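Read through the structure below, which is laid out as structure tokens, and then see the notes.
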Amino acid sequence: MQTSNLLMGAILAATDKNLIPPAKQVALPAGVPINDEFIYGEHIFVIEEGVVGTFVKSRKSGRVSEVGMIGIEGMFPLGSLLRLQLPTDYLVVPQLGILKAHLIERSLFLDWVGDSEQVRRLFDQYLYFQLIEKNSTIACMDQQGVEERISRVLLMCHDRTFGDILTITHEDVAQMISSYRPTVTNCVHNLEDQGAIKLSRGQIEILNRDLLKDICGHTYGYAERFYRDNIAPFGK
């Protein structure tokens, strides 16, 4: 079975393997949280198309905040790759349209990987990539305004999609950056006026990545460069 997943492709290139292990192909709709039996069970998702967001929900207010994004550059749950038990109380939600993935039994995947030092190093590099990205998210949320945060999340979504059109609503963006839809609507219209994006119903087309990078500044780019330099070609 072939794959378009960048991390899996790097694993194949680093070993003498030609095909990924037997897997079930799944297609999950956007906006519906993935069942806990998959997230905390015995499977690994190898993403072939689409994006998942990982959210933490406040038990007091009910608000949710996105704390991670994974697309074709990665796999989840990360704890399974590291042979660790995952913490609970996370929501993992497909975004940007239907999520397409290979669902592989964890034990089968880990047996397939074996004790390869090259694969272990790839996992370490992928973990460090995620750490850099989460640190950038913290800095962005703490130091930057809504327009900067929107620009960063649009770039991250664009990196993980095929083409320039993102299937995403203003409400989705608001949830991703922990803001409010009316505020996001005002900001995306401002970005459209600047020529960075084009808006249509349920979609955002990326027109000018360089402008979005200028707007969000230092909180985007380092993690993506690290991935390109150490794992595989990534981003646009």
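Tally Lys and Arg at +1 and Asp and Glu at -1 over the other residues with C-beta under 13 Å from the C-beta of GLU148: what net charge comes out?
With Lys, Arg at +1 and Asp, Glu at -1, the neighbours total 0.
Given the DSSP H assignment, sum -39500 (n - 2.57) over each helix run of at least 4 residues in the chain and divide by its residue total; what's the result at 222 nm in deg cm²/dmol, nearest 500?
Result for the chain: -13000 deg cm²/dmol, rounded to the nearest 500.
Distances longer than 21 Å among the Cα atoms of the chain: what percent of all pairs is that?
56 percent
At 0.36 nm per residue, and after removing the present C-alpha to C-alpha distance, how many nm does the segment from ASP210 to GLU37 gain when stretched out fully?
Length gained between ASP210 and GLU37: 58.2 nm.
Going 7 Å from the Cα of GLN118 in the Cα-to-Cβ direction, what parts of segment 1-37 have a backbone nitrogen less than 11 Å from that spot?
10-18
Pop the C-beta distance of ASP164 and ALA27 into the FRET formula with R0 = 25 Å and round what comes out to the nearest 0.05.
0.65
Let me know the charge dipole size of the chain about its Cα centre in debye, to the nearest 20, where only the beta-carbon of Lys, Arg (+1) and Asp, Glu (-1) is charged.
So the dipole magnitude of the chain works out to roughly 280 debye.
How are the alpha carbon pair distances in segment 108-149 distributed across 10 Å bins from zero to the largest one, expressed in percent?
26, 30, 21, 16, 7
If I stretch the segment between VAL67 and LEU110 completely, what's the gain in nm (0.36 nm per residue apart, minus their alpha carbon distance), one decimal?
This chain segment gains 12.9 nm when fully extended.
Per residue, how much accessible area does the chain show when a 1.4 Å probe rolls over the protein heavy atoms, in square angstrom?
Normalised by residue count, the accessible surface of the chain is 49 Å².
I'd like the projected area of segment 109-213, averaged over all directions, using the convex hull of its alpha carbons. Report it in nm² with one decimal.
Mean orientational projected area (segment 109-213, Cα hull): 8.2 nm².
As a quick test, which of the pairs LYS24/LYS100; LYS60/LYS100; LYS198/LYS236 have an alpha carbon distance above 22 angstrom in this structure?
Table pairs above 22 Å Cα-Cα are LYS60/LYS100.
At 1.4 Å probe size, with the rest of the protein present, what percent of the exposed accessible area of the chain is carbon and sulfur atoms?
Roughly 50 percent, rounded to a whole number.
What FRET efficiency do you get for GLU171 and GLN2 if R0 is 35 Å and r is their Cβ-Cβ distance, rounded to the nearest 0.05?
About 0.50, to the nearest 0.05.
What percentage of all Cα-Cα pairs in segment 57-161 are separated by more than 16 Å?
The share of Cα pairs beyond 16 Å in segment 57-161 comes to 69 percent.
Which of the peptides 174-187, 13-26, 45-58 is most tightly packed, and how do the rest follow, going by the mean number of other Cβ atoms within 10 Å of each residue?
Packing order, densest peptide first, comes out as 45-58, 174-187, 13-26.
Which of the aspartates and glutamates could a cross-linker bridge to LYS213, judged by Cα under 14 Å and excluding same-chain residues fewer than eight apart?
Output for LYS213: GLU147, GLU148, ASP159, GLU224.
Just want the answer: with Cβ charges of +1 for Lys and Arg and -1 for Asp and Glu, which residue in SER179, LEU28, PHE76 is farthest toward the dipole's positive end in the chain?
Positive-end residue among those listed: SER179.
Remind me, relative contact order of the chain in percent, using alpha carbon pairs under 8 angstrom and six or more residues apart?
Value for the chain: 22 percent.
So for segment 1-98, what are the equivalent ellipsoid semi-axes in whole Å, largest first, each being the square root of 5 times an eigenvalue of the Cα gyration tensor?
Sorted largest first and rounded, they come to 26, 15, 12 Å.
Residues in segment 26-52 near a label at ALA14, defined as backbone nitrogen under 20 Å from the 7 Å Cα→Cβ point?
Counting only backbone N, you get 44-48.
Could you please report the charge total around SER107, scoring K, R as +1 and D, E as -1 over all other residues with beta-carbon less than 12 angstrom from its beta-carbon?
With Lys, Arg at +1 and Asp, Glu at -1, the neighbours total -1.
The values are calculated or read from the model by the stated rules, or taken from the named source; none is laboratory data. Here the structure is a predicted model, which is why all the values come from computation and not from measurement. Glycine gets a Cβ as well: all are built from the backbone with ideal geometry, and neighbour counts include every protein chain shown. When the accessible area is computed, the model is the full protein with side chains, heavy atoms only, and any ligands, DNA or RNA have been set aside. Shrake-Rupley method; radii C 1.70, N 1.55, O 1.52, S 1.80 Å.
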